[in-house]
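A short write-up of the structure that comes next.
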Amino acid sequence: MAKTPHAIRGTQDIFGAEAEAFAFVVDTFERVRKLYRFRRVEMPVFEKTEVFSRAIGETTDVVSKEMYSFEDRGGDSLTLRPEFTAGIARAWLSNGWQQHAPLKVATHGPLFRYERPQKGRYRQFHQIDAEIIGAAEPQADVELLAMADQLLKELGIEGVTLHLNTLGDGDSREAWRAALVEHFRAVKDELSEDSQERLEKNPLRILDSKDRRDQRFVADAPKIDQFLSDEARAFFDAVTSGLDAAGVKWARAESLVRGLDYYRHTAFEFIPDEGSEAAGKLGSQSTILGGGRYDGLMESLGGAPTPAVGWAAGIERLAMLVGERENPPATVNVVVENDACLATGIIATKILRANLIEAELFATGSPRKRFDKAAKQAPPVLLVFDARQGVARMRIVGDHMVRPRVEALLADLEGPLETQTTKLTTPY
């Protein structure tokens with residue numbers, strides 16, 4: 001007998017209450033993105049490898065260690081997308097979406113990274129993503145962050161604070177970078193191996209290192225505020241005052257950075273408060289949603305300078321915070337107790353669904369057990385079909401407010417309609 005294959009390590013099969021939580025996150029995201037008038041986009045699952053290597057950076061762990069890349073039959077190097085932003089930037093350039101600027105877009109779907117699977121992190125994972133492209137004003141940052149804040153609230157995720165920093169404009173960032181190199185070079189031999197490697201290539205990344213050897217020197221490292229130009233300072237002030245006006249709780253996080261050179265101005269993460277329920281569920285993997293302004297990205301892909309800002313969040317992590325959700329019963333369970341009434345039951349179910357009433361048909365298995373199986377779910381209304389003396393009979397059980405509408409929709413079905421209002425004995 002052939003051995004049953006198993007799922008690939010780092011992937012998962014989602015079912016039941018976990019799948020309902022996953023769907024709740026996606027449905028809530030779709031509802032909120034419509035409130036904020038973000039347009040839906042669908043992106044290819046794979047792109048030319050250069051899209052990600054140029055956009056994310058050759059020296060990053062994502063490109064050098066984590067991407068799923070392969071050569072297709074035509075000899076092209078292709079990569080399963082490890083993130084959304086690079087593909088959206090490529091689409092902006094190749095499809096002429098500049099005509100829609102400023103463009104607000106949102107999407108969700110699977111992404112792929114070869115990394116060690118751990119709590120809330122998989123090799124095939126899913127994200128929601130929102131971007132505003134072609135808007136240089138700080139109000140775009142405020143709009144995105146207000147949207148993210150409302151999303152978390154509507155998901156019922158509490159005890160979370162927006163951590164916010166500025167990376168300044170290009171000149172501010174370069175001056176800060178030079179000061180960081182000088183600071184950390186003086187203690188290079190005492191830094192972790194990763195930070196020693198990052199020192200010349202990506203010194204900002206040392207600031208968010210979790211290694212204790214590095215953290216000793218981070219506290220007294222130069223701060224971005226020392227190097228901010230007047231324009232960069234005014235931009236950040238406009239973002240924070242806008243967030244205050246929008247009622248978004250935030251905290252300054254001076255060590256929050258983005259390592260790639262095309263990031264500018266705002267960088268942010270929503271992080272659980274210490275001791276909160278969210279922190280307890282996520283453990284050390286604390287970032288719930290994060291992003292920033294990436295005004296230099298389009299140039300790395302051969303486009304004109306284009307201001308842009310965006311964020312992304314892992315659906316699996318959000319679903320963990322939402323908690324398992326049971327699939328509620330249909331509004332109406334339709335029970336065919338006698339197979340002679342099957343056609344009538346099918347017609348009734350079709351009418352209900354066509355009028356946007358959730359209905360589930362119970363017409364398989366033992367006819368004697370169908371009613372019990374349907375009633376056990378405790379639906380608001382039970383619609384039961386049986387036959388006596390060759391005549392189809394319909395009765396309605398339950399006194400939910402949807403009952404009069406069900407009666408009206410099915411009034412023209414053949415057979416007498418009994419107006420029984422017996423309450424279900426199964427507890428709700």
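A few points about this structure:
- Residue among Asp141, Asp171 that is buried (at least 20 other Cβ atoms within 10 Å of the Cβ) and of a type in the set (D, E, K, R): Asp141
- Scanning the stretch 81-101 for residues that are assigned to a loop (DSSP other than H, G, I, E, B), surrounded by fewer than 16 Cβ atoms within 10 Å (Cβ to Cβ) and not hydrophobic (A, V, I, L, M, F, W, C) yields a count of 2.
- Filtered residue count, the stretch 189-215, keeping only those that are among the basic types (Lys, Arg) and at pLDDT 85 or above: 1
- A single entry from Glu269, Glu324, Glu337 fulfils the requirement of being charged (D, E, K, R) and within 30 Å of Glu143 (Cβ to Cβ): Glu269.
- Residue in the stretch 42-54 that is part of a loop (DSSP other than H, G, I, E, B), at pLDDT below 95 and among the polar types (S, T, N, Q) present: no
- Where Gly156 falls short, out of the listed (1) touching a helix residue (DSSP H, G or I) at 6+ places or on another chain (Cβ under 8 Å); (2) over 24 Å from Ser276 (Cβ atoms): (2)
- Residue match in the stretch 234-251 (condition: β-branched (Val, Ile, Thr), touching a residue at least 60 places away in the same chain (Cβ under 8 Å) and in a loop (DSSP other than H, G, I, E, B)): yes
- Test for Asp189: is it over 30 Å from Asp273 (Cβ atoms), part of a helix (DSSP H, G or I), not small (Gly, Ala, Ser) and not assigned by TED's automatic domain parsing to the domain that holds Gly280: yes
- Any hit, the stretch 160-176, residues being out of contact with any Cys (no Cβ under 8 Å at 6 or more places or on another chain), among the polar types (S, T, N, Q) and part of a helix (DSSP H, G or I): yes
- Put simply, of Leu383, Leu356, Leu342 the only residue that is among the hydrophobic types (A, V, I, L, M, F, W, C), surrounded by fewer than 17 Cβ atoms within 10 Å (Cβ to Cβ) and within 15 Å of Leu413 (Cβ to Cβ) is Leu342.
- In the stretch 114-125, the residues that are on the phi < 0 side of the Ramachandran plot reach residues that are modelled with pLDDT under 75 with C-beta atoms within less than 7 angstrom, at least six apart or across chains, in these pairs: Lys119/Gly283; Lys119/Gln285; Arg121/Gln285; Arg123/Pro117.
- Across the stretch 28-48, the qualifying residues are those that are charged (D, E, K, R) and more than 29 Å from Tyr68 (Cα to Cα), and the one among them that is surrounded by the most Cβ atoms within 10 Å (Cβ to Cβ) is Arg33.
Yes or no, residue by residue, for (1) farther than 20 Å from Pro82 by Cα; (2) within 24 Å of the chain's Cα centre (by Cα); (3) part of a strand (DSSP E or B):
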position	(1), (2), (3)
Lys281	yes, yes, no
Gly292	no, yes, yes
Pro305	yes, no, no
Trp311	no, yes, yes
Arg325	yes, yes, no
Val335	yes, no, yes
Leu342	yes, no, no
Arg353	yes, no, no
Glu360	yes, no, yes
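- Whether a residue is touching a residue at least 60 places away in the same chain (Cβ under 8 Å), under 23 Å from Gly291 (Cβ atoms) and outside the structural domain of Asp273 (by TED's automatic domain parsing) was assessed, and Lys223 does not pass this test.
- Per the listing Asp129, Asp225, the residue uniquely of a type in the set (Asp, Glu) and part of a helix (DSSP H, G or I) is Asp225.
- The listed residue being within 30 Å of Gln118 (Cα to Cα) and modelled with pLDDT of 95 or more, out of Ala308, Ala359, Ala363, Ala312: Ala312
The values are calculated or read from the model by the stated rules, or taken from the named source; none is laboratory data. Computed from a predicted structure; not experimentally measured. Methodologically, a virtual Cβ is constructed for each residue, glycine included, from the backbone with ideal geometry; neighbour enumeration extends over all protein chains shown.
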